[in-house]
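One structure is given here, and the rest of the page talks about it.
The values are calculated or read from the model by the stated rules, or taken from the named source; none is laboratory data. What you see is a predicted model, and the numbers here were worked out from it, not measured in a lab. Here the Cβ positions follow ideal geometry from the backbone for every residue, glycine too, while neighbour counts run over all protein chains shown.
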Amino acid sequence: MPKKRGHQRSSGIRSRTAQSELSFSVSHMEHLLRKGHYAQRLSSSAPVFLAAVIQDLTSKVLELAGNEAQKNGEKRITPKLVDMAIHNNALLSSIFGMTTISLVAPGPH
């Protein structure tokens, strides 16, 4: 029988991240929300929703940057390609606005 890797919980208790089938940590999002003092009270679903939104945005940006890399004949996603992907997409461009991505010189967009 193959040996399983990673931490296994024997009692069937699953983390909120595993329950919601996300890659981004729900507990970390909750910590950031509480640390930021954005509200006096915090619902239990708020960090799950935030983790899902951030995961979705990240996957979309990486998908578009990967497409840019293929279009330019490159094998790696660089900050320049991420910047191009964001600014070539109308919705992401409106969300990120004038965001500066590290190591990318400002250019005409």
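Could you please let me know if Lys35 is of a type in the set (Lys, Arg) and surrounded by 12 or more Cβ atoms within 10 Å (Cβ to Cβ)? Explain how you work it out, then say what you get.
On the way: of a type in the set (Lys, Arg): yes; surrounded by 12 or more Cβ atoms within 10 Å (Cβ to Cβ): no.
No, not satisfied.
Among the residues of the range 91-109 satisfying the criterion of being farther than 15 Å from Leu81 by Cβ and among the hydrophobic types (A, V, I, L, M, F, W, C), which is modelled with the lowest pLDDT?
Once the filter is applied, the top-ranked residue is Met98.
Go through the range 10-25 residue by residue and tally those that are β-branched (Val, Ile, Thr) and under 22 Å from Leu57 (Cβ atoms).
Summing the residues that are β-branched (Val, Ile, Thr) and under 22 Å from Leu57 (Cβ atoms) in the range 10-25 gives 1.
Looking for something under 27 Å from Arg14 (Cα atoms) and touching a residue at least 12 places away in the same chain (Cβ under 8 Å) - is there at least one such residue anywhere in the range 34-42?
Yes - at least one qualifying residue is present in the range 34-42.
Ser94: free of Cβ contacts under 8 Å to residues at least 24 places away in the same chain and either part of a helix (DSSP H, G or I) or touching a Gly at 6+ places or on another chain (Cβ under 6 Å) (or both), yes or no?
Values: free of Cβ contacts under 8 Å to residues at least 24 places away in the same chain: yes; either part of a helix (DSSP H, G or I) or touching a Gly at 6+ places or on another chain (Cβ under 6 Å) (or both): yes.
When the stated conditions are applied, Ser94 passes them.
Ser59: free of Cβ contacts under 8 Å to residues at least 24 places away in the same chain, part of a helix (DSSP H, G or I) and within 15 Å of the chain's Cα centre (by Cα), yes or no?
Taking the combined requirement at face value, the residue satisfies it.
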